[in-house]
Amino acid sequence: MRVPSNLEVVEEAVDVVARHCLASGLAPRAARFNLRVALSEALSNAIVYGNGLDPSKSVDVWIEVADQGIAVHVCDQGAGFDPGAIPDPTLPERLERPDGRGLFLIRQLVDDVSFNDRGNSICMILRRA
């Protein structure tokens, strides 16, 4: 699925992906909560930080279904970033800051997270229960 760089379409895109993942056998709680929140964060980050809200750019989302679980990929057209350089938002000096929580949430809600070398594509894996 190709999503425009517009935050107004995030909810609809998440709905479509969650329905497909649920139909593919992902546990209802994982599809209705974990996946929805993680994908919403990944899409929002890709649109805002990756593509800079540039309407000429888009974000690609694709799903891989396997016996072990589901992999959801989100790839923007931005320059990328170093996910290891994002500070932990639970550190005392970061608690009052409004940024940096999206990646933390994603890591808490899915079973595995990886990025491509460029840092403009995230893969989130949810294993079957």
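Here 60, 99, 88 are screened, and the one residue that is surrounded by fewer than 16 Cβ atoms within 10 Å (Cβ to Cβ), of a type outside the set (Gly, Ala, Ser), at pLDDT 90 or above and outside any helix (DSSP H, G or I) is 60.
In the stretch 13-57, the qualifying residues are those that are surrounded by fewer than 17 Cβ atoms within 10 Å (Cβ to Cβ) and among the acidic types (Asp, Glu), and the one that is nearest to the chain's Cα centre (by Cα) is 15. For the stretch 65-85, a tally of residues being in a strand (DSSP E or B), of a type outside the set (A, V, I, L, M, F, W, C) and either at pLDDT 95 or above or under 14 Å from residue 116 (Cβ atoms) (or both) returns 1. Summed over the stretch 46-68, the residues that are closer than 16 Å to residue 120 by Cβ, in contact (Cβ under 8 Å) with a residue 60 or more places away in the chain and out of contact with any strand residue (DSSP E or B) (no Cβ under 6 Å at 6 or more places or on another chain) give a count of 1.
The single residue among 30, 71 that is touching a residue at least 40 places away in the same chain (Cβ under 8 Å), within 22 Å of residue 1 (Cβ to Cβ) and in contact with a Cys (Cβ under 6 Å, 6 or more places away or on another chain) turns out to be 71.
The values are calculated or read from the model by the stated rules, or taken from the named source; none is laboratory data. Since the model is a prediction, treat every value here as computed from it, not as a measurement. No Cβ is skipped: glycine too gets one built from the backbone with ideal geometry, and neighbour counts run over all protein chains shown.
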